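Right, one structure below, let's go through it.
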Amino acid sequence: MHHPDLFKDRQVVVTGAGRGIGLEVARQFLACGAAVHLHGGRAESAALPDDVLLALDSGRATISYADFLHPDGIDAFLADVSARFSSLDVLVNNAGTMVGRFPADALTDEQYETVVALNQTSVVALTRGMIPLLKSGTQAAIVNTVSISALTGGSPGSAIYSATKAFVSTYSKALARELAPAGIRVNCVSPGTITTDFHERYSSPEKLEATRKSIPLQRLGTAEDCAPAYLFLASGSLSGYITGQVLEVNGGQLIC
């Protein structure tokens, strides 16, 4: 997928790009020639890989940090993007997390509101803020991260997380219809069980091993498995007649 000219001169924003799938997506866009603005999360944490550091040094990549739990964090990030780009070709809404596993009968209002703010409200607010830039882009595309749990409901304690991902999936289909006259395509990538620090935080080794055994390909996925799906859906030359779709990347987990 690393065709150096696939996204040459294209301007890309990737949220949740400080680690995991988002970081790998940003790396692959850079490898394909794009100029990328990364959202690195709430604050600087893990060291970035050398290829991203080189792109930052050359100016082809820029990064900013913002807390999407709060409207001022979203506004600050939108201001950073507008300062960097006068038009936008690709928006990848990838920021979001489970926050924790919350039993339905013990879920607090604060926990509920946090999960919804991070995974649902931020996607709507960021998209709303960047549509004007996308309307000035070339073959513009939005790619939103959802989850296999949007279809399955997920495992115990993840009901609200799973529901927010289903919201984003439906929102994306509605947006695809609404933005089609402007030439903006909207699709989702839906990862299955991917070995990032997400599952180190929210799943036990025993649970992950049980899941692995149930997957036809007999392995958990990696960020590298997921990232090409984003590039495919972002590329007008590869997927120019695809919009309103959810691409499931899960090793066959859903067919079981």
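Values quoted throughout were computed directly from the atomic coordinates according to the rules given, and no laboratory measurement underlies them. Owing to the predicted nature of the structure, the values given are computational and were not obtained by experimental measurement. Note that each Cβ is placed from the backbone with ideal geometry, even for glycine, and that neighbours are counted across all protein chains shown.
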Exercise. Which condition number in (1) part of a helix (DSSP H, G or I); (2) farther than 14 Å from Ile21 by Cα is the one that Val186 fails?
Worked result: (1)
For this session: Among the residues of segment 31-54, write down those that are crowded, with 24+ Cβ neighbours inside 10 Å, over 20 Å from Asp197 (Cβ atoms) and free of Cβ contacts under 8 Å to residues at least 40 places away in the same chain.
Result: Val36
Exercise. Do we find a residue being touching a residue at least 24 places away in the same chain (Cβ under 8 Å), among the small types (Gly, Ala, Ser) and not in a strand (DSSP E or B) anywhere in segment 166-175?
Worked result: yes
Exercise. Does segment 80-97 contain at least one residue that is part of a loop (DSSP other than H, G, I, E, B), at positive phi and under 16 Å from the mean Cα position of the chain (by Cα)?
Worked result: yes
For this session: Please verify whether segment 109-125 includes one or more residues that are surrounded by fewer than 23 Cβ atoms within 10 Å (Cβ to Cβ) and closer than 22 Å to Val249 by Cβ.
Result: yes
Seminar exercise, completed: Checked segment 141-178 for anything surrounded by fewer than 22 Cβ atoms within 10 Å (Cβ to Cβ) and of a type in the set (Lys, Arg); matches are Lys173, Arg177
For this session: Those residues that are surrounded by 15 or more Cβ atoms within 10 Å (Cβ to Cβ) and more than 25 Å from Leu231 (Cβ to Cβ), I need them from segment 94-106; list them, please.
Result: Met98, Val99, Arg101, Phe102
